[in-house]
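A.B. asks: Following this message is one structure expressed as structure tokens.
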Amino acid sequence: MSVFPLDFHAAILEAPHDRLKVETVTVDRIGPDDVLVKVEASGLCSSDLRPIAGAGLAWGWPLVLGHEVVGTVEACGERVSSLAVGDTVVATALASCGTCAWCRQGRVHLCDSALSASPPRFHRAGGQDVYAMNGLGGFAEYVVASRKSLVRVASELPFEQLALVGCAVTTGLGAVVNTAQVEPGASVVVIGLGPVGQSVIQGARIAGAASIIGVDPLEHRRSTAVQLGADAVLDPTATDVVQAIRDATDQGGADHVFEVTGREPVVNDALGAVIRGGTLTLVGAPSPIARTDWPALDIVFSEKRVQGCLYGSTNPARDFQRCIDLVEAGRMDLASMVSNLITLDDVPDAIETMAAGNGVRTVMVPR
């Protein structure tokens with residue numbers, strides 16, 4: 001018997017700068033390549049604040065936010081053969097087409113369609129279309145997603161931990177092992193200790209870094225970083241971070257600096273913490289109008305490298321299960337990164353307070 005039409009609750013953003021509102025939406029049917037997923041958990045990511053601010057929007061209005069999702073398959077379109085009802089799936093924040101030049105090279109995070117718009121997934125009672133962030137819309141009881149956005153995983157981990165694999169953990173770990181390829185014995189600095197930064201800390205430890213320094217103004221995030229593998233932490237409101245890093249290393253800087261805040265002043269200062277011949281990896285997403293201000297001659301003569309990192313240079317089909325295996329082997333700790341569990345009704349308030357940096361990661365469990 002068909003589950004459609006299906007009514008369920010979702011947190012909807014009507015327009016930029018509005019407050020989210022939990023409403024009932026309806027799915028009449030799913031497309032032949034789509035999958036209906038019952039949301040088990042969805043993380044609240046700082047990227048969810050961008051549509052609220054009116055930045056980086058490739059979708060439409062009104063919009064269901066949320067992209068860090070784990071769930072259970074409830075129904076599959078007629079052309080979907082690789083998933084089945086009952087499968088546990090983690091959603092990828094950047095879907096890939098599988099056929100463009102980037103996908104053929106295995107660099108699926110750079111897929112031509114990764115950041116493109118997707119069709120509306122739901123509608124309101126009056127028939128108005130409702131769009132979904134990243135083609136997902138995870139702040140809801142159900143998600144309708146393209147098969148290309150879902151990766152089947154095998155794990156006994158709690159859903160609130162598995163949700164983080166779809167964005168924060170994959171991005172942070174991938175920044176270390178895929179993008180920067182941190183070598184054993186390297187010195188590492190991580191600026192910004194939210195969930196992505198904490199995952200960079202853990203990735204650096206797994207990679208065999210000789211020293212790891214975390215930087216964040218929030219004490220609870222600094223203490224979590226120490227718990228997860230940082231050798232030292234710095235409060236940027238109480239010290240000159242660049243000078244402190246130069247003093248803390250016997251080479252006048254770190255081999256690898258990961259900038260995870262995306263804040264323009266921090267990005268501009270981060271290069272000063274890099275040793276000659278070292279690498280600055282930009283992980284945090286800056287404002288669309290942010291600009292860098294680095295002395296070009298110094299970069300040439302110091303042979304410092306600056307590189308971007310999108311989604312941890314991740315291939316979800318390969319890397320999601322690898323992340324999970326590391327957690328289950330005791331080499332990564334996701335439990336310490338989940339600070340708060342909330343319900344769908346709590347999402348509007350939690351989004352409004354997220355900028356304050358409460359905890360490390362807040363995760364919504366719909367029921």
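A.B. asks: If exposed means no more than 14 neighbouring beta carbons inside 10 Å and the site is in a DSSP loop, what's the longest run of the chain without any exposed GluC sites (Glu not before Pro)?
C.D. replies: Counting at most 14 other Cβ atoms within 10 Å as exposed, the longest clean stretch of the chain is 157-302.
A.B. asks: May I pose another question? Taking the Cα centre of the range 11-125 as the origin, how large is its charge dipole in debye, to the nearest 20, when only Lys and Arg (+1) and Asp and Glu (-1) carry charge on their Cβ atoms?
C.D. replies: Here the range 11-125 has a charge dipole of around 220 debye.
A.B. asks: Accessible area per residue of the range 253-367 at 1.4 Å probe, in Å²?
C.D. replies: Accessible surface, normalised per residue, equals 47 Å².
A.B. asks: If you take the beta carbon distance between Arg124 and Ala84 as r and set R0 to 30 Å, what does 1/(1 + (r/R0)^6) give as a FRET efficiency, to the nearest 0.05?
C.D. replies: Approximately 0.45, to the nearest 0.05.
A.B. asks: Given only helices, namely DSSP H runs of n ≥ 4 each adding -39500 (n - 2.57), what is the per-residue ellipticity at 222 nm of the chain, to the nearest 500 deg cm²/dmol?
C.D. replies: Result for the chain: -6500 deg cm²/dmol, rounded to the nearest 500.
A.B. asks: Whole-Hz Karplus ³J(HN,Hα) for the range 120-126, in order, using 6.51 cos²θ - 1.76 cosθ + 1.60 and θ = phi - 60°, x for Gly and Pro?
C.D. replies: Whole-Hz 3J(HN,Hα) from phi for the range 120-126: x, 9, 9, 8, 7, 4, x.
A.B. asks: Starting from the Cα of Lys148, draw a straight line to each of the lysines and keep only those under 20 Å, dropping any in the same chain fewer than 8 residues away.
C.D. replies: Within the straight-line cut-off, Lys148 pairs with Lys38.
A.B. asks: If contacts are Cα pairs under 8 angstrom and at least 6 residues apart, what is the relative contact order of the chain in percent?
C.D. replies: Numbers: 864 pairs, mean separation 65.6, N = 367.
18 percent.
A.B. asks: Across the range 227-236, in residue order, what do the Karplus-derived ³J(HN,Hα) couplings come to in whole Hz, using 6.51 cos²θ - 1.76 cosθ + 1.60 with θ = phi - 60° and x for Gly and Pro?
C.D. replies: In residue order, the calculated couplings are 4, 8, x, 5, 7, 7, 9, 10, 9, x Hz.
A.B. asks: Relative to the present Cα-Cα distance, how much length would full extension add between Glu156 and Ala210 at 0.36 nm per residue of separation?
C.D. replies: 16.2 nm
A.B. asks: Just to be sure I understand: if I project the alpha-carbon convex hull of the chain onto a plane and average over all orientations, what area do I get in nm²?
C.D. replies: Quarter of the Cα hull surface area: 17.8 nm².
A.B. asks: Taking loop as defined by DSSP and a crowding limit of 16 other beta carbons within 10 Å, which trypsin sites (Lys or Arg not before Pro) in the range 1-92 fit?
C.D. replies: Arg19, Arg29, Arg79
A.B. asks: Taking R0 as 41 Å, what's the FRET efficiency between Arg276 and Phe4 from their Cβ-Cβ distance, rounded to 0.05?
C.D. replies: On the way: r = 61 Å, r/R0 = 1.49.
Computed FRET efficiency for Arg276 and Phe4: 0.10.
A.B. asks: Still on this structure: Please name whichever of Gly253, Ala207, Ser223 sits farthest to the positive end of the charge dipole of the range 201-281, dipole taken about the Cα centre and charges placed at Cβ: Lys and Arg +1, Asp and Glu -1.
C.D. replies: Going by the Cα projections, it comes out as Ala207.
A.B. asks: Under unit Cβ charges (Lys, Arg +1; Asp, Glu -1), what dipole magnitude, rounded to 20 debye, does the chain have relative to its Cα centre?
C.D. replies: 780 debye
A.B. asks: So what does log10 I(q)/I(0) come out to for the range 67-138 at q = 0.11, 0.20, 0.23, 0.27 Å⁻¹, using the Debye formula with one equal point on every Cα and no solvent?
C.D. replies: Debye curve over Cα of the range 67-138, log10 I(q)/I(0) at q = 0.11, 0.20, 0.23, 0.27 Å⁻¹: -0.35, -1.06, -1.19, -1.20.
A.B. asks: How much length would be gained if the chain were fully extended between Cys97 and Glu328, taking 0.36 nm per residue of separation minus their Cα-Cα distance, in nm to one decimal? Numbers along the way, then the final one.
C.D. replies: On the way: separation 231, 0.36 × 231 = 83.16 nm, distance 3.03 nm.
My answer for the length gained is 80.1 nm.
A.B. asks: Okay, moving on. Roughly what would the spin-label model give for Gln227 and Ala55, points 7 Å off Cα along C-beta, in nm?
C.D. replies: A separation of 3.0 nm, rounded to one decimal place.
A.B. asks: Please list, by residue number, every one of the trypsin sites (Lys or Arg not before Pro) in the range 298-349 that is coil in DSSP and has at most 15 other beta-carbon atoms within 10 Å.
C.D. replies: Passing sites in the range 298-349 are Arg331.
A.B. asks: So, one more: Can you give me the distance in nm between label points at Val300 and Asp33, each placed 7 Å from the Cα along the Cα-to-Cβ direction?
C.D. replies: Taking the two extended label points, one gets 4.7 nm.
A.B. asks: Tell me whether the range 182-281 comes out rounded, prolate or oblate; compute the Cα gyration tensor, take square roots of the eigenvalues as a ≥ b ≥ c, and use a/c under 1.5 as the rounded threshold.
C.D. replies: Working: a/c = 1.38, a/b = 1.03, b/c = 1.34.
Rounded is the answer for the range 182-281, as its axis ratio a/c remains below 1.5.
A.B. asks: Another question, then. Given springs between every Cα pair under 10 Å in a Gaussian network model of the chain, which of Gln321, Gln161, Gln181 has the largest fluctuation?
C.D. replies: Top of the fluctuation ranking is Gln181.
A.B. asks: Could you please state how large a percent of the accessible area of the range 1-124 is carbon and sulfur, counting protein chains only and using a 1.4 Å probe?
C.D. replies: Summing carbon and sulfur atoms, their accessible area is 51 percent of the total for the range 1-124.
A.B. asks: Follow-up. Determine the share of the range 227-367's accessible area contributed by carbon and sulfur atoms, expressed in whole percent, with a 1.4 angstrom probe. List each step's numbers first, then the result.
C.D. replies: Numbers: 3490 of 6970 Å².
Carbon plus sulfur share of accessible area: 50 percent.
A.B. asks: Rounded, prolate or oblate: which one fits the range 151-225, using the alpha carbon gyration tensor with axes a ≥ b ≥ c (rounded when a/c is under 1.5, else prolate when a/b beats b/c, else oblate)?
C.D. replies: oblate
A.B. asks: Quick check for you: with a 1.4 Å probe and neighbouring chains kept, what is the accessible area per residue of the range 83-175, in Å²?
C.D. replies: 37 Å²
A.B. asks: Can you bin the range 276-318 into rounded, prolate or oblate? Criterion: square roots of the alpha carbon gyration tensor eigenvalues sorted a ≥ b ≥ c, rounded for a/c under 1.5, prolate for a/b above b/c, oblate for the rest.
C.D. replies: Here the range 276-318 falls in the oblate category.
A.B. asks: Next question. What number does the range 246-367 give for Rg over Rh if you use C-alpha atoms and the Kirkwood radius?
C.D. replies: Here Rg/Rh amounts to 1.06.
A.B. asks: Distance from the Cα centre of the range 156-193 to that of the range 276-321, in angstrom?
C.D. replies: Each part's Cα centre sits 15 Å from the other's.
The values are calculated or read from the model by the stated rules, or taken from the named source; none is laboratory data. Here the structure is a predicted model, which is why all the values come from computation and not from measurement. Glycine gets a Cβ as well: all are built from the backbone with ideal geometry, and neighbour counts include every protein chain shown. The accessibility values were calculated without ligands, DNA or RNA, using every heavy atom of the protein model including side chains. Shrake-Rupley method; radii C 1.70, N 1.55, O 1.52, S 1.80 Å.
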